[in-house]
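Every read-out reported here was derived from the displayed coordinates using simple, explicitly stated rules and does not represent laboratory data. Note that the structure is a prediction, hence the values are computed from the model and not measured. Quick reminder, even Gly has a Cβ in these numbers, built from the backbone with ideal geometry, and neighbours come from all protein chains shown.
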Amino acid sequence: MEPWSELVALAEREHELAEAGRWEEVAELSGERLRRSLALGQAPASARPALERLARVQSQIDVALQLAHASASQELAGIRRGRTAVRGYGASLAPAASRVDSLR
């Protein structure tokens, strides 16, 4: 397999991992793909089809990352709301101030 097609295969695998939510593996594979692409240098004209496919797959990876980010943000917002609600309930359980004059 020619090196530019290998980059496409790595990106496709990275997209599969992203769709499965396997983020640690996505990060590892993304680093590997970056290392390999940097080692290749300037692409020849013959690599154009592979690079066009690579750009499409990268767009899909970007969308998967954006969706995961939005989902995580919503989850964190829900956790924050839950904490605020719990604090509100906790405040109502605090002992009432003493109404007895203890100085007498």
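A compact table of results
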{"item": "Inter-site label distance for Glu12 and Arg35 at 7 Å from Cα along Cβ, in nm", "result": "2.3"}
{"item": "For Leu51, Leu10, order by how many other beta-carbon atoms lie within 10 Å, fewest first", "result": "Leu51, Leu10"}
{"item": "For segment 3-80, the Rg and Dmax computed from alpha carbons only, in angstrom", "result": "14.8, 52"}
{"item": "Average Cα contact separation per residue, segment 3-80, under 8 Å, 6 or more apart, as relative contact order %", "result": "44"}
{"item": "About the Cα centre, charge dipole magnitude for segment 3-80 (Lys/Arg +1, Asp/Glu -1 at Cβ), debye", "result": "260"}
{"item": "Which of Val63, Gln42, Gly31, positive extreme of dipole for segment 3-80 (C-beta unit charges)", "result": "Gln42"}
{"item": "Ascending count of other beta-carbon atoms within 10 Å, so fewest first, for Ser73, Ser30, Ser5", "result": "Ser73, Ser5, Ser30"}
{"item": "Whole-Hz ³J(HN,Hα) from phi, Karplus 6.51 cos²θ - 1.76 cosθ + 1.60, for segment 4-17, glycine and proline x", "result": "6, 5, 5, 5, 4, 4, 5, 5, 5, 5, 4, 5, 4, 5"}
{"item": "Most positive-pole-ward Cα, Gly78, Leu51, Leu7, against dipole of segment 3-80 from beta carbon charges", "result": "Leu51"}
